[in-house]
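Structure, as C-alpha coordinates:
The values are calculated or read from the model by the stated rules, or taken from the named source; none is laboratory data. All of these numbers come straight from a predicted model, not from anything done at the bench. When we count neighbours, we look across all protein chains shown, and the Cβ atoms used for this are built from the backbone with ideal geometry, even at glycine. Side chains are part of the model used for accessible areas, which takes the heavy atoms of the whole protein and leaves out ligands, DNA and RNA. Shrake-Rupley method; radii C 1.70, N 1.55, O 1.52, S 1.80 Å.
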Amino acid sequence: MSVNGAIRGAILVVGVLLGLAGLGTLTLGPAMAGSGLWLVAMGGFLIVAVVLERSRYRSEAAERANDAIGPGGGETPGPVEPRFRPTPEVFVDPTTNTRMRVLVDPGTGERRYVADTDA
(Lines give C-alpha, C1' and ligand atoms only; values in the text may rest on other atoms or scores of the structure.)
Protein backbone atom coordinates (compact mmCIF):
# COMPACT_ATOMS: atom_id res chain seq x y z
CA MET A 1 0.00 0.00 0.00
CA SER A 2 1.32 3.43 -0.88
CA VAL A 3 1.79 6.18 1.68
CA ASN A 4 -1.11 8.06 0.08
CA GLY A 5 -3.31 4.97 0.42
CA ALA A 6 -2.29 4.50 4.06
CA ILE A 7 -3.10 8.12 4.88
CA ARG A 8 -6.47 7.87 3.15
CA GLY A 9 -7.19 4.64 5.04
CA ALA A 10 -6.28 6.23 8.37
CA ILE A 11 -8.51 9.25 7.68
CA LEU A 12 -11.35 6.91 6.73
CA VAL A 13 -10.95 4.96 10.00
CA VAL A 14 -10.94 8.20 12.03
CA GLY A 15 -14.08 9.36 10.19
CA VAL A 16 -15.90 6.10 10.93
CA LEU A 17 -14.83 6.20 14.59
CA LEU A 18 -15.98 9.82 14.95
CA GLY A 19 -19.33 8.94 13.40
CA LEU A 20 -19.80 5.97 15.70
CA ALA A 21 -18.78 8.02 18.73
CA GLY A 22 -21.28 10.68 17.70
CA LEU A 23 -24.07 8.14 17.37
CA GLY A 24 -23.18 6.75 20.78
CA THR A 25 -23.19 10.24 22.27
CA LEU A 26 -26.63 10.92 20.81
CA THR A 27 -28.02 8.01 22.85
CA LEU A 28 -27.00 9.78 26.09
CA GLY A 29 -29.88 12.22 25.85
CA PRO A 30 -30.73 15.76 24.75
CA ALA A 31 -27.96 17.36 26.83
CA MET A 32 -25.35 15.69 24.61
CA ALA A 33 -27.16 16.21 21.29
CA GLY A 34 -24.93 19.07 20.16
CA SER A 35 -21.74 17.15 20.78
CA GLY A 36 -23.13 14.02 19.17
CA LEU A 37 -24.28 15.86 16.06
CA TRP A 38 -20.90 17.59 15.77
CA LEU A 39 -19.07 14.23 15.94
CA VAL A 40 -21.37 12.65 13.35
CA ALA A 41 -20.93 15.66 11.03
CA MET A 42 -17.13 15.64 11.34
CA GLY A 43 -16.96 11.89 10.80
CA GLY A 44 -19.22 12.18 7.78
CA PHE A 45 -17.10 15.01 6.38
CA LEU A 46 -13.93 12.92 6.65
CA ILE A 47 -15.56 9.91 5.01
CA VAL A 48 -16.89 12.02 2.11
CA ALA A 49 -13.52 13.77 1.72
CA VAL A 50 -11.67 10.45 1.40
CA VAL A 51 -14.18 9.08 -1.08
CA LEU A 52 -14.20 12.19 -3.28
CA GLU A 53 -10.52 13.16 -3.02
CA ARG A 54 -8.24 12.28 -5.88
CA SER A 55 -4.71 13.13 -6.73
CA ARG A 56 -4.23 16.10 -9.00
CA TYR A 57 -4.00 15.77 -12.78
CA ARG A 58 -4.50 11.99 -12.85
CA SER A 59 -6.82 9.94 -14.95
CA GLU A 60 -9.50 7.75 -13.46
CA ALA A 61 -7.70 4.71 -14.90
CA ALA A 62 -4.49 5.63 -13.05
CA GLU A 63 -6.44 6.12 -9.83
CA ARG A 64 -8.20 2.75 -10.15
CA ALA A 65 -4.92 0.97 -10.95
CA ASN A 66 -3.22 2.80 -8.04
CA ASP A 67 -0.39 3.82 -10.38
CA ALA A 68 2.46 5.86 -8.96
CA ILE A 69 2.08 9.62 -9.20
CA GLY A 70 4.19 11.15 -11.96
CA PRO A 71 6.03 14.47 -11.98
CA GLY A 72 3.83 17.42 -11.13
CA GLY A 73 1.09 15.09 -9.90
CA GLY A 74 0.28 13.83 -13.42
CA GLU A 75 0.46 10.46 -15.08
CA THR A 76 3.52 8.30 -14.57
CA PRO A 77 6.28 8.78 -17.14
CA GLY A 78 6.21 6.40 -20.06
CA PRO A 79 4.25 5.78 -23.20
CA VAL A 80 0.74 7.19 -23.27
CA GLU A 81 -2.04 5.41 -25.14
CA PRO A 82 -1.86 6.34 -28.84
CA ARG A 83 -5.42 7.71 -28.79
CA PHE A 84 -4.19 10.71 -26.78
CA ARG A 85 -2.85 13.65 -28.78
CA PRO A 86 -0.81 16.53 -27.35
CA THR A 87 -2.54 19.91 -27.29
CA PRO A 88 -0.88 23.33 -27.32
CA GLU A 89 -2.12 23.75 -23.75
CA VAL A 90 0.69 23.80 -21.18
CA PHE A 91 0.80 25.16 -17.66
CA VAL A 92 3.15 25.26 -14.70
CA ASP A 93 1.92 23.36 -11.67
CA PRO A 94 2.02 25.97 -8.88
CA THR A 95 3.05 23.56 -6.13
CA THR A 96 5.85 21.69 -7.93
CA ASN A 97 6.85 24.21 -10.61
CA THR A 98 6.66 21.37 -13.13
CA ARG A 99 5.61 22.28 -16.65
CA MET A 100 2.64 20.09 -17.59
CA ARG A 101 1.32 19.25 -21.06
CA VAL A 102 -2.35 18.47 -21.68
CA LEU A 103 -3.16 15.46 -23.88
CA VAL A 104 -6.66 14.81 -25.19
CA ASP A 105 -8.50 11.90 -26.79
CA PRO A 106 -10.28 13.56 -29.74
CA GLY A 107 -12.98 10.88 -29.74
CA THR A 108 -14.09 11.23 -26.12
CA GLY A 109 -12.59 14.51 -24.93
CA GLU A 110 -10.84 12.69 -22.06
CA ARG A 111 -7.78 14.59 -20.87
CA ARG A 112 -4.46 13.45 -19.44
CA TYR A 113 -1.71 15.54 -17.90
CA VAL A 114 1.97 14.66 -18.24
CA ALA A 115 5.19 16.43 -17.37
CA ASP A 116 6.30 18.35 -20.47
CA THR A 117 9.69 17.19 -21.70
CA ASP A 118 9.77 19.69 -24.60
CA ALA A 119 10.56 22.62 -22.30
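Per-structure values
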item	result
Percent accessible area from carbon and sulfur atoms, the chain, protein chains only, probe 1.4 Å	67 percent
Rounded to whole Hz, the Karplus (6.51, -1.76, 1.60) HN-Hα couplings of the stretch 81-94, x for glycine and proline	3, x, 5, 8, 10, x, 10, x, 6, 10, 8, 9, 5, x
Ratio Rg/Rh, restricted to the chain and using Cα atoms, in which Rh is the Kirkwood radius	1.20
Relative contact order (%) - the stretch 29-119, alpha-carbon pairs under 8 angstrom, separation at least six	23 percent
Top of THR87, THR76, THR95 by mean-square fluctuation, Gaussian network on the chain, Cα under 10 Å	THR95
Probe 1.4 Å, protein heavy atoms only - accessible area per residue of the chain in square angstrom	64 Å²
Mean separation of Cα contacts under 8 Å (6+ apart) over length of the stretch 1-49, as relative contact order %	42 percent
Gain in span if fully extended, ALA41 to THR96, counting 0.36 nm per residue against the direct Cα distance	16.5 nm
Cα long-axis angle, helix 3-26 against the chain (0 to 90 degrees, to the nearest 10)	20 degrees
In degrees, nearest ten, helix 33-52 long axis to first principal axis of the chain (Cα)	20 degrees
Cα-centred dipole magnitude for the chain, charges only on beta-carbon of K, R (+1) and D, E (-1), debye, nearest 20	140 debye
Theoretical FRET efficiency, 1/(1+(r/R0)^6), r = Cβ-Cβ of ASP67 and VAL16, R0 25 Å, to 0.05	0.40
Candidates GLY70, GLY107, GLY44, ranked by Gaussian network fluctuation over the chain, Cα under 10 Å, top entry	GLY107
